[in-house]
Amino acid sequence: VVRWEFKHPQPFLRTREFLWQEGHTAFATFPEAKEEVMTILDLYRRVYEELLAIPVVRGKKTEKEKFAGGDYTTTVEAYISAAGRAIQGATSHHLGQNFSKMFDITFESPQTGEKEFVYQNSWGITTRTIGVLVMVHGDNNGLVLPPRVACLQVVIVPCGITNNLKDEDRDALYKECELYEKELKEAGVRVKADLRENYSPGWKYNHWELKGVPIRVEVGPRDMKNSQYVAVRRDNLEKLTMKKSGLKDDIPALLETIQTAMFAKAKNEMTERVKVVTKFEDFLDGLENKCLLQAPFCGVEACEDQIKELSKKDSDLEPGAPSMGAKSLCIPFTQPAQVVDNDKCIRPGCCNKPLFYTMFGRSY
């Protein structure tokens, strides 16, 4: 896709050209279309949560933020804790009959034989997922990739090779590494033995850490004698000494442990920053503390614009970033509370009755 009108590029998150998966579907009835909107949204949730280990909040966009021309938009919203900002993960729209009436997209009803307008959906997810993945999981050593999406899950590095090591011992060590590689491949692990002789083990450690490979397996002459190896986790840099005899079971199990741990860490970071507020001063405090705020809201577009203006800050969130006010992210499907009669819309001075709790925050 090429965006023709375009400002403020950010690599992976918002670029002039990007790849995406997009779907357009047409249905005879509204209930069928409505069901598919939610089915696709749940697939997008699973992409983020089950593959990328990134928790998301599912919800419906406000009238201001929905897809122009559509009936309603559903979304999955992720959270970047380092920046204290939300980011839209993927959307699934119900377009109603708005476009089918405009472009005369009809079908012959099997019941009446009359021509009827179709109900349309559209849905999409883009390479923005890569940017979200980098920002949610990355650390000061580079990428941290969840095992389920890492193209290389394990790298084997021979170590303990010194000038005193005999040629036959070094050859035996390389053979051992190749044997580890073969065994892991048979166990369905995406693995590579890094046997390059022109780089030191330390250089290789940094190289593969930067690339985010989930597990580094270190094998040295002493490990060979003891029929063991050292596994280093990329997510927390923990070192584990493990028995060679359990290799085929232990490494796949450790990959799943890492996947689960990465999701739990990201989920915890998000949960700690989602706050429920009913007063605007608490709303502003939460915003400065990098929180996402669920607050009662009337849903009126003009009210939303004023919330954005009132929450703008003079100081920038990060160098080069525009100082931005809070925008509505979604109306969460899981509401934090019921709106009761004495609740007021979060915007100071608003006289409209709040309809639901809406999640607000600074956003990419």
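The values are calculated or read from the model by the stated rules, or taken from the named source; none is laboratory data. This one's a predicted model, so the numbers in the text were calculated from it and none came from an experiment. Here Cβ is always computed from backbone atoms with ideal geometry, including for glycine, and neighbour counts include all displayed protein chains. These area figures cover heavy atoms from the full protein model, side chains too; ligands, DNA and RNA do not enter into them. Shrake-Rupley method; radii C 1.70, N 1.55, O 1.52, S 1.80 Å.
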Inset, instruction - Go through the stretch 179-231 and count every residue that is under 11 Å from Val157 (Cβ atoms) and assigned to a loop (DSSP other than H, G, I, E, B). - result: 7
Legend entry - strands (runs of 3 or more DSSP E) lying entirely in the stretch 31-138 (those with 1 or more residues that are at pLDDT 95 or above and acidic (Asp, Glu)): 72-80, 106-108, 115-117
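Criterion first (within 26 Å of the chain's Cα centre (by Cα) and open to solvent by 70 Å² or more (accessible area, probe 1.4 Å)) does Asn236 satisfy it? Give the steps one after another, and end with the answer.
Details: within 26 Å of the chain's Cα centre (by Cα): yes; open to solvent by 70 Å² or more (accessible area, probe 1.4 Å): yes.
Judged against the criteria, Asn236 is a match.
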Inset, instruction - Being more than 21 Å from the chain's Cα centre (by Cα) and of a type in the set (Val, Ile, Thr) is the filter; apply it to the stretch 85-138 and report the residue that is most open to solvent (accessible area, probe 1.4 Å). - result: Thr112
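In the stretch 143-172, how many are in a loop (DSSP other than H, G, I, E, B), within 25 Å of Gln259 (Cα to Cα) and open to solvent by less than 90 Å² (accessible area, probe 1.4 Å)? Break it down into steps so the answer makes sense when it comes.
Of the stretch 143-172, the ones in a loop (DSSP other than H, G, I, E, B) are 143-153, 159-166.
Adding the requirement that they be within 25 Å of Gln259 (Cα to Cα) leaves 143-153.
Add one more test, that the residue is open to solvent by less than 90 Å² (accessible area, probe 1.4 Å), and what stays is 143-147, 149-150, 152-153.
Summing the residues that are in a loop (DSSP other than H, G, I, E, B), within 25 Å of Gln259 (Cα to Cα) and open to solvent by less than 90 Å² (accessible area, probe 1.4 Å) in the stretch 143-172 gives 9.
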Inset, instruction - Being open to solvent by less than 40 Å² (accessible area, probe 1.4 Å) and under 21 Å from Pro252 (Cβ atoms) is the filter here, so list the residues in the stretch 188-208 that pass it. - result: Val189, Val191, Ala193, Asp194, Trp208
Legend entry - the stretch 325-344 residues that are in a loop (DSSP other than H, G, I, E, B), paired with ones that are of a type in the set (Val, Ile, Thr) (beta carbon under 6 Å, 6 or more apart): Pro336/Val276
Legend entry - Per-region count, the stretch 31-51, residues open to solvent by 20 Å² or more (accessible area, probe 1.4 Å) and under 25 Å from Leu145 (Cβ atoms): 8
Inset, instruction - From the list Lys225, Lys239, Lys275, Lys244, pick out the single residue that is farther than 30 Å from Asn342 by Cβ and touching a residue at least 12 places away in the same chain (Cβ under 8 Å). - result: Lys244
Inset, instruction - Please specify each residue of the stretch 71-87 satisfying the condition of being closer than 19 Å to Leu43 by Cβ and either β-branched (Val, Ile, Thr) or without any contact (Cβ under 8 Å) to a residue 40 or more places away in the chain (or both). - result: Tyr72, Thr73, Thr74, Thr75, Val76, Ile87
Inset, instruction - Test Lys175 against the criterion of being touching a strand residue (DSSP E or B) at 6+ places or on another chain (Cβ under 6 Å) and open to solvent by 20 Å² or more (accessible area, probe 1.4 Å), and give yes or no. - result: no
Inset, instruction - Answer yes if at least one residue in the stretch 241-249 is in a helix (DSSP H, G or I), open to solvent by less than 40 Å² (accessible area, probe 1.4 Å) and out of contact with any Leu (no Cβ under 6 Å at 6 or more places or on another chain), and no otherwise. - result: yes
Inset, instruction - Determine if the stretch 262-281 includes at least one residue that is in contact with an Asp or Glu (Cβ under 7 Å, 6 or more places away or on another chain), under 20 Å from Arg148 (Cβ atoms) and assigned to a helix (DSSP H, G or I). - result: yes
